[in-house]
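K.L.:
Below you'll find the structure I mean.
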Amino acid sequence: MLQSLKIENIAIIEKAELTLSPGFNVMTGETGAGKSIIIDSINAVLGERTSKEIIRTGASSARVSAMFTDLNGRVGSVLDGLEIEHDGELLIQRTISADGKNSCRLNGSPVTVTMLKAVGRELINIHGQHDSQSLLSPEKHVTFIDSLAGNDELRQSYAEEYRLGRKLRKELSECDMDEAEKARRLDVLQFQIDELTQAELQPGEKDELAAKRALFQNLENVMRSLDYAYTALSGTEDDAGARQNVSAAADCLDEAAEYFEEMREPAAWLHNVSYEMQEVASQIRGAFASLDIDESEIEYTEERLDLLYKLSRKYGGTEEEMLLFLDNAEREVESITLSDERIETLRVEIAGSDQRLRRLAGELTESRQKAASAFETAVKNELRFLDMPGVTFKVAVEPAAYSQNGADAVEFLISANAGETPKPIAKIASGGELSRIMLAIKNVLSDRDEVATLIFDEIDTGISGRAAQKVAQKLLEVSKGRQVVCVTHLAQIAAKADAHMLIQKSVRDGKTFTDVERLDFEGRKYEIARINGGSEITEIQLKNAEEMLGASRGIGD
C-alpha cells in the first residue's frame, strides 16, 4: 500500500506531500491544477521512463520518494532477488538531474531504473483513459481473456515454440538453395578463400611494410644523418670526436683525483659516458652497414603492399578483418557442403515444432473459449450494476493465422440496445460506455491482480448522474481489502472516498505553484459543492454536498 508520496521540483510542484489511506482515496481539483503531474510523479517513482524536461524551471534536479507498507509476497520475492533488505516496508527514492542522470534507491540501496521498474510493477497498477482506449484495439482483447483464464505459462510455452519454429524456418531458407545457386556461391567462396590463403596474411605486416617503404624513400637522408652522427662521435684522422674528447676529460679528472678526491666520482661518470658513446658508435656503424639494401627488396615491399591494399579493399581494412573474412568463408563452404544433411534435420525439427505448436495453440483456444463464456457473464453482471442493463456484451473467439499470441482472433462485441446485433466495441461505444466497460472488466479481473494499490486516472470520463453514482459504488467495492486512488471530476465519486486530497494551483511572486491539501469534513463539503456548482457556492449547494457526504461511508477523516 502507498502510505505517503513526497514530490520536489517536478513541473509546477515545488514541494508537495500526500498521505494516503487504506481503502478509497480521491484527488480533485480544477483542470490544470496539477493532478496529472502527481500521476507522472508516481510513474517516475515506479521506474517508468521520464526526462529532465519535468524538472521545475530554475531547479537543478527533481526528487520523488514513496513509502509503501504491508508488502505482498510478490514484492518481497522481487526485493529478495535484488538483495534488498525489507521488513514489510519499502522506501523508494528517485532523483532526476538536469544533466539527464537518474539516481534510484530502494530502502537506501542504489539500484538501476530497470530494477526499480521490476519492483514498481508489483506495487501499483495505474488505469487511465488510455486503458479505455485499449478496448478499441481488438489485438489487445486477448490479453484480458488470458488474464482471466490464467494462461501465462501456457502462453509463454506457445510463444517460445512459435519463436523456435520461425528460427528453424529461417535457417532452412538459408540452406535450401537450388544446385546451380549452390555451385555459383561455392565458386565465389572458393576464389575468395584461395586468394586470401595464398596471400599468407600475418597480423601487423602491412604496418611493418609501410614503415620499411618510408625508410627506403628517405634512405639517402637517413644514411647522411648516420654518417654525420658517427663522425661527430668518433672523429676523423685529423679531428677528435666527442667520444675521444670525453675519454680525455675522464683521464684528466683521474689525474686530478690523485690529489683532489672530489673528482673521483665525476671521472668515473665520464668514463662510463665514454664507453656508452663507443657502444652507440658501434650501433651506428652496424646500422649503416645494414642499409646496403638490394633493389629486389624494395620491389618486393612495393608489390606486397600493393597486394595487401587490393585485398583490404575487398575483405577488410586490417589483416585481422581479412582473416576473419577467410574464416567465415570457410565456414559457409562447410555449411553449404553439409546443407543437404542439415536440410533433412531441419525438416524433421520443423515438423516436430509444428506439431507441438498446434497442440499448444489448441490448448490456448480451448482455455480462451471457456474463459470467454465466464467473462461475458461476469462483465454483463457488472454492466447491469453500472446502469447499462440493455448492453449485450459478447466475446468472439474465431480461428486466425498462427501468430505469437496463438491461433485465435479475440474481439469484444457490444450491442447498446436490445435486439441489435452485437458489433465491434470500437465502432459503437461512446466515451462514457468505454469507461464503464473498462471498470467492469477491471472488477471482473480484480481477483487475478495481487497488486495492493490501484490508481484510476479520470476513468469516469464521459459519465454523469445515476451512472456516476454506480461507478462510485463500484470503485468503493474494488477498494475493499486494498487501496484505490481515483483522480475524478465527479462529486458522486468524491463523496464516497475514505480520504480526499485537493490539488490547487496558485501564483506567488510571479511563479506558479501546485499544493496538495488533505481535506477534513468541512473542506470536503466545500470542494464537492464547487464540483457540483462551480466557483459561486450557495448554501443550497453546501447543504446538498453535506447530504452526499452523510449518505456515503466517508464522513470526515
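The values are calculated or read from the model by the stated rules, or taken from the named source; none is laboratory data. Given the structure is predicted, the values throughout are model-derived calculations rather than measurements. Neighbour counts are summed over all protein chains in view; Cβ atoms, including those assigned to glycine, are modelled from backbone coordinates with ideal geometry. Just so you know, the surface numbers come from the protein's heavy atoms only, side chains and all, with ligands and any DNA or RNA stripped out. Shrake-Rupley method; radii C 1.70, N 1.55, O 1.52, S 1.80 Å.
K.L.:
All but one of (1) in a helix (DSSP H, G or I); (2) among the hydroxyl-bearing types (Ser, Thr, Tyr); (3) farther than 30 Å from Thr197 by Cβ hold for Tyr300, so report the exception by its number.
P.N.:
Unmet condition: (3).
K.L.:
Something else now. Does any residue of the stretch 249-258 turn out to be open to solvent by 30 Å² or more (accessible area, probe 1.4 Å), within 60 Å of the chain's Cα centre (by Cα) and either of a type in the set (Ser, Thr, Tyr) or more than 30 Å from Asn405 (Cα to Cα) (or both)?
P.N.:
Taking every residue of the stretch 249-258 in turn, none turns out to be open to solvent by 30 Å² or more (accessible area, probe 1.4 Å), within 60 Å of the chain's Cα centre (by Cα) and either of a type in the set (Ser, Thr, Tyr) or more than 30 Å from Asn405 (Cα to Cα) (or both).
K.L.:
Considering only the stretch 266-297, state which residues are in contact (Cβ under 8 Å) with a residue 60 or more places away in the chain and not in a helix (DSSP H, G or I).
P.N.:
Correct list: Leu291, Ile293.
K.L.:
Any residue at all in the stretch 72-82 that's buried (at least 20 other Cβ atoms within 10 Å of the Cβ) and out of contact with any Asp or Glu (no Cβ under 9 Å at 6 or more places or on another chain)?
P.N.:
no
Residues checked against (1) open to solvent by less than 70 Å² (accessible area, probe 1.4 Å); (2) assigned to a helix (DSSP H, G or I):
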{"site": "Lys206", "(1), (2)": "yes, yes"}
{"site": "Ala210", "(1), (2)": "yes, yes"}
{"site": "Leu215", "(1), (2)": "yes, yes"}
{"site": "Glu220", "(1), (2)": "no, yes"}
{"site": "Arg224", "(1), (2)": "no, yes"}
{"site": "Leu233", "(1), (2)": "yes, yes"}
{"site": "Glu237", "(1), (2)": "no, no"}
{"site": "Arg243", "(1), (2)": "yes, yes"}
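K.L.:
How many residues does the stretch 265-277 hold that are within 18 Å of Ala232 (Cβ to Cβ) and surrounded by 15 or more Cβ atoms within 10 Å (Cβ to Cβ)?
P.N.:
Summing the residues that are within 18 Å of Ala232 (Cβ to Cβ) and surrounded by 15 or more Cβ atoms within 10 Å (Cβ to Cβ) in the stretch 265-277 gives 4.
K.L.:
Sticking with this structure for a sec: I need the full set of residues from the stretch 398-415 which are open to solvent by less than 30 Å² (accessible area, probe 1.4 Å) and not hydroxyl-bearing (Ser, Thr, Tyr), in order please. Step through it out loud before you land on a result.
P.N.:
Just the residues of the stretch 398-415 that are open to solvent by less than 30 Å² (accessible area, probe 1.4 Å), to begin with: 406-408, 410, 412, 414-415.
Of everything in the stretch 398-415, those that are open to solvent by less than 30 Å² (accessible area, probe 1.4 Å) and not hydroxyl-bearing (Ser, Thr, Tyr) turn out to be Gly406, Ala407, Asp408, Val410, Phe412, Ile414.
K.L.:
Oh, and also: Can you list residue pairs whose Cβ atoms sit under 6 Å apart, with the first residue in the stretch 460-478 being more than 8 Å from Leu386 (Cα to Cα) and in contact (Cβ under 8 Å) with a residue 40 or more places away in the chain and the second being of a type outside the set (D, E, K, R) and surrounded by fewer than 16 Cβ atoms within 10 Å (Cβ to Cβ)? Count only pairs 6 or more apart in sequence or on different chains.
P.N.:
As it stands, the answer is Thr461/Gly431, since those pairs meet every condition given.
K.L.:
Still on this structure: Of the residues that make up the stretch 420-430, is at least one in contact with a helix residue (DSSP H, G or I) (Cβ under 9 Å, 6 or more places away or on another chain), under 29 Å from Val485 (Cα atoms) and at pLDDT below 80?
P.N.:
Yes, the stretch 420-430 contains at least one residue that is in contact with a helix residue (DSSP H, G or I) (Cβ under 9 Å, 6 or more places away or on another chain), under 29 Å from Val485 (Cα atoms) and at pLDDT below 80.
K.L.:
Further question on the same structure: I need the full set of residues from the stretch 23-52 which are polar (S, T, N, Q), under 27 Å from Lys480 (Cα atoms) and touching a residue at least 40 places away in the same chain (Cβ under 8 Å), in order please.
P.N.:
Asn25, Thr28, Ser36, Asn43
K.L.:
Now a separate question. Looking at the stretch 83-100, which of the residues that are among the charged types (D, E, K, R) and touching a Lys or Arg at 6+ places or on another chain (Cβ under 9 Å) is surrounded by the fewest Cβ atoms within 10 Å (Cβ to Cβ)?
P.N.:
Among those that are among the charged types (D, E, K, R) and touching a Lys or Arg at 6+ places or on another chain (Cβ under 9 Å), it is Asp99.
K.L.:
Another question about this same structure. Collect the residues in the stretch 147-179 that are under 20 Å from Glu334 (Cβ atoms) and assigned to a helix (DSSP H, G or I), keeping them in residue-number order.
P.N.:
Listed by number, the residues that qualify are Leu168, Lys170, Glu171, Leu172, Ser173, Glu174, Cys175, Glu179.
K.L.:
Return a yes/no flag: does the stretch 523-543 have any residue that is over 30 Å from Met438 (Cα atoms), touching a helix residue (DSSP H, G or I) at 6+ places or on another chain (Cβ under 6 Å) and not in a helix (DSSP H, G or I).
P.N.:
Of all residues in the stretch 523-543, those over 30 Å from Met438 (Cα atoms) come to 523, 526, 535-543.
Among the residues that remain, those that are also touching a helix residue (DSSP H, G or I) at 6+ places or on another chain (Cβ under 6 Å) are: 537, 541-542.
Then drop every residue that is not not in a helix (DSSP H, G or I), which leaves 537.
Yes, the stretch 523-543 contains at least one residue that is over 30 Å from Met438 (Cα atoms), touching a helix residue (DSSP H, G or I) at 6+ places or on another chain (Cβ under 6 Å) and not in a helix (DSSP H, G or I).
K.L.:
Right, something else. Could you give me the residue pairs with C-beta distances under 6 Å whose first residue belongs to the stretch 323-349 and is closer than 10 Å to Cys175 by Cα, whose second residue is outside any helix (DSSP H, G or I) wherever it lies, and which are 6+ apart or on separate chains?
P.N.:
Short answer, once both residue conditions are applied: Ile343/Asp176.
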